[in-house]
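**Q** Questions regarding the structure given below will be posed in turn.
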Amino acid sequence: MNKIKIHWGWGCGSSGSALAWHVCGRSSILSTTYQQRYEKLQEKAWGAVVPLVGKLKKFYEFSQRLEAALRGLLGALTKQALAKQFAEILHFTLRFDGLKMTNPAIENDFSYYRRTLSPMRINNVPAEGENEVNNELANRMSLFYAEATPMLKTFSDATTKFVSENKNLPIENTTDCLSTMASVCRVMLETPEYRSRFTNEETVSFCLRVMVGVIILYDHVHPVGAFAKTSKIDMKGCIKVLKDQPPNSVEGLLNALRYTTKHLNDETTSKQIKSMLQ
């Protein structure tokens, strides 16, 4: 748009003929019309993206509170009631990341928000929602949403940090609980007797997400990971359970195992497991 306006302005100044003036006059009207339309579209787009950025901010802030809450939760994970709460959080984490991975508009909208906000600040134009997301917060949010699975990364980092900061607690306290949760989910899903008790598919999705989530956490926390022969998680059985589901419902979970685990590509991982995840 700026290039067109500059070209027309130069044409008007270089000729004094009535024809040139007439053409330039019409061009100026056309340019003004385009500019007005652009400004209206810009205003409409801005009005639509600001509320969405507010939601992104809330989810980011939730991830920060989640990280803080996990420290206390991990310390008492062996209690059954807290284990269920832990599973609920994992279920939300995998569900959120699954939606995020299939919605590239999230990052595009936030990038548009930042690009539009910068010139508005330079020109001292009041911007609705600017107080909600300042520049420092916007930088942190950009790094957060740039991750393929931002909530799961927050979860994994918090778990790893908990283990490293609590060296007085045997690491087995955490890994044994994670492997037990993975085994419970796998058995419930692969045993027809237990599976038949599920009254809706959401329960199946819950078990699948929790199973994958605890596998990823185990792989990040345990020194040799979840894929080694000495692992207490039956990885072949867990992958088979995933493969037995409708492909469209588990592709995101399989991708989470492929791309967010730590030890899948280690030499200690069997070729069969690697082949199952190809």
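The values are calculated or read from the model by the stated rules, or taken from the named source; none is laboratory data. What you see is a predicted model; the values in this text were computed from it and never measured. We place every Cβ from the backbone using ideal geometry, glycine too, and count neighbours over all the protein chains shown. Remember, those area values only see protein heavy atoms, side chains included, never the ligands or the DNA or RNA. Shrake-Rupley method; radii C 1.70, N 1.55, O 1.52, S 1.80 Å.
**Q** Please list, by residue number, everything in region 236-276 whose backbone N is under 11 Å from a paramagnetic label point 7 Å out along Cα→Cβ of VAL224.
**A** The answer is 268-269, whose backbone nitrogens lie closer than 11 Å to the label point.
**Q** Right, something else. Under a cut-off of 16 Å between alpha-carbon atoms, report the aspartates and glutamates in cross-link reach of LYS58, not counting same-chain residues fewer than 8 places apart.
**A** Counting by Cα, and skipping residues close in sequence, LYS58 has these aspartates and glutamates nearby: GLU67, ASP97, GLU107, ASP109, GLU130, GLU132, GLU136.
**Q** Residue separation times 0.36 nm, minus the C-alpha to C-alpha distance between ALA105 and ARG197: what's the value?
**A** Computed gain between ALA105 and ARG197 is 29.3 nm.
**Q** Pairs of Cα atoms under 8 Å, at least six residues apart: use those to get the relative contact order of region 126-278, whole percent.
**A** 22 percent
**Q** Whole-Hz ³J(HN,Hα) for each residue in region 208-221, computed from phi via Karplus 6.51 cos²θ - 1.76 cosθ + 1.60 with θ = phi - 60°, x for glycine and proline: what do you get?
**A** Using θ = phi - 60°, the values come out as 5, 5, 5, 4, 5, x, 5, 4, 5, 5, 4, 5, 7, 8 Hz.
**Q** Students often get this wrong, so check it: of LYS153/LYS274; LYS240/LYS274; LYS55/LYS262; LYS100/LYS274, which have C-alpha atoms separated by over 24 Å?
**A** LYS55/LYS262; LYS100/LYS274
**Q** Also, I was wondering about something else. Roughly speaking, what is the stretch gain from VAL187 to LYS167, that is 0.36 nm per residue apart minus the C-alpha to C-alpha distance, in nm to one decimal?
**A** Separation in residues times 0.36 nm, less the Cα-Cα distance, equals 4.0 nm.
**Q** What accessible area per residue, rounded to a whole number of Å², is obtained for region 124-269 using a probe radius of 1.4 Å?
**A** Heavy-atom accessible area per residue stands at 51 Å².
**Q** If you stretched the chain out fully between SER142 and LEU82, how much longer would it get, using 0.36 nm times the residue separation minus the C-alpha to C-alpha distance?
**A** Stretched out fully, the SER142 to LEU82 stretch lengthens by 18.4 nm.
**Q** Over region 226-278, what percent of the accessible surface lies on carbon and sulfur atoms, probe 1.4 Å?
**A** 50 percent
**Q** Per-residue HN-Hα couplings for region 98-114, Karplus 6.51 cos²θ - 1.76 cosθ + 1.60 at θ = phi - 60°, whole Hz, x for Gly and Pro?
**A** Result, ordered by residue: x, 5, 5, 5, 9, 10, x, 4, 4, 5, 5, 5, 5, 5, 4, 4, 5 Hz.
**Q** Moving on. Cα gyration tensor of region 132-208, axes a ≥ b ≥ c as square roots of the eigenvalues: rounded (a/c below 1.5), prolate (a/b > b/c) or oblate?
**A** Because a/c hits 1.5 or more and a/b fails to exceed b/c, region 132-208 counts as oblate.
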